[in-house]
Amino acid sequence: MDFVTIMLSLLIGGLTGFFSGFLGVGGGFILVPLLIFINVPAHYAIGGSLAYIVFVGIFGAIQHHHRHKDCDFKIVLPMILGGIVTAQFGSIATLFFKAEDLGIMLAVILMCASIIMVVSKNRTELDGEGVVGSVGYSRNIPMAVFIGLVVGLISGFFGVGGGFILIPMMTTLLKMPIRTAVGTSLLAVAGFAVSGTIGHLMLDHIDPYFVGLLVIGGIIASPLGVMATEKVSSKHLREIFAVVLILFAIKLLIPS
């Protein structure tokens with residue numbers, strides 16, 4: 001592995017890690033398109049992304065909860081239990097699709113998630129504890145399991161943590177405050193990614209040396225993203241999240 005490849009890997013991992021900490025996502029929806037852009041085969045980009053999310057997602061969740069105390073553990077555990085089951089099915093399903101088709105489907109999912117994020121009403125402001133500050137927010141465990149099943153499948157299939165769809169679902173279906181959703185999402189996506197990573201390891205879709213460089217960059221930059229959330233309002237956080245989703249969806253569709 002030459003110097004340019006090493007530096008590029010650290011840079012891509014760092015960029016993804018920053019947005020992971022800032023938006024409360026695993027970062028796969030950023031990492032997979034970037035890896036495909038530098039000519040990493042789609043199936044390897046998906047597998048490597050999931051392995052990256054396991055480490056950076058957990059690290060980001062620890063950082064977020066330490067600074068903001070905004071991870072709702074009573075909701076995240078049922079989500080993870082649902083998601084780890086379907087993530088396995090998602091990873092296996094990638095074998096039946098071409099790389100080009102995976103890119104197009106991921107772009108459609110990103111567009112849908114951005115629309116949900118824009119139209120869902122931001123009714124809340126965070127309370128002191130950062131967990132139950134929203135009008136109508138309740139810990140609906142069956143709904144949390146359902147969300148985990150859906151997002152886990154998407155995670156394993158597309159190589160993403162699923163935060164980009166998990167956050168809109170939590171804020172819309174559970175009425176969870178956006179900042180609580182950000183902190184909770186980081187831990188949830190790491191849990192989903194563990195299952196998907198195992199599946200892709202069995203399919204030999206992961207290069208440990210390449211993933212290691214991505215993770216190093218992500219762990220360095222993730223705390224910067226967490227600190228940046230303190231400077232941005234909930235409303236602006238939603239808007240930034242939606243815009244980033246749209247931009248990456250367009251980038252995926254352009255080569256097609």
Restricting attention to the stretch 1-58, the residues that are polar (S, T, N, Q) and touching a Leu at 6+ places or on another chain (Cβ under 6 Å) number exactly 3
Considering residues that are modelled with pLDDT under 85, assigned to a loop (DSSP other than H, G, I, E, B) and farther than 20 Å from Thr94 by Cα, the number found within the stretch 135-174 is 5
Residues within the stretch 175-194 that are at pLDDT 80 or above and assigned to a helix (DSSP H, G or I), tallied: 12
Sort out which residues of the stretch 42-99 are farther than 24 Å from Phe146 by Cα, surrounded by fewer than 24 Cβ atoms within 10 Å (Cβ to Cβ) and modelled with pLDDT of 85 or more, and write them in order of number. Tyr44, Phe55, Phe96
For the stretch 195-204, which residues satisfy the criterion of being at pLDDT below 85 and not in a helix (DSSP H, G or I)? Leu203
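Among the residues that make up the stretch 106-126, is at least one of them assigned to a helix (DSSP H, G or I), among the polar types (S, T, N, Q), closer than 15 Å to Leu166 by Cα and at pLDDT below 85?
Checking the stretch 106-126: at least one residue is assigned to a helix (DSSP H, G or I), among the polar types (S, T, N, Q), closer than 15 Å to Leu166 by Cα and at pLDDT below 85.
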Would you check which residues across the stretch 204-216 are surrounded by fewer than 16 Cβ atoms within 10 Å (Cβ to Cβ) and farther than 19 Å from Phe3 by Cβ and list them? Asp204, Pro208
With respect to Ile30, determine if the residue is closer than 19 Å to Gly183 by Cα, modelled with pLDDT of 85 or more and surrounded by 22 or more Cβ atoms within 10 Å (Cβ to Cβ). no
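The values are calculated or read from the model by the stated rules, or taken from the named source; none is laboratory data. In this text, all values refer to a predicted model and were calculated from it rather than measured experimentally. Note that we place each Cβ from the backbone using ideal geometry, even for glycine, and neighbour counts take in every protein chain shown.
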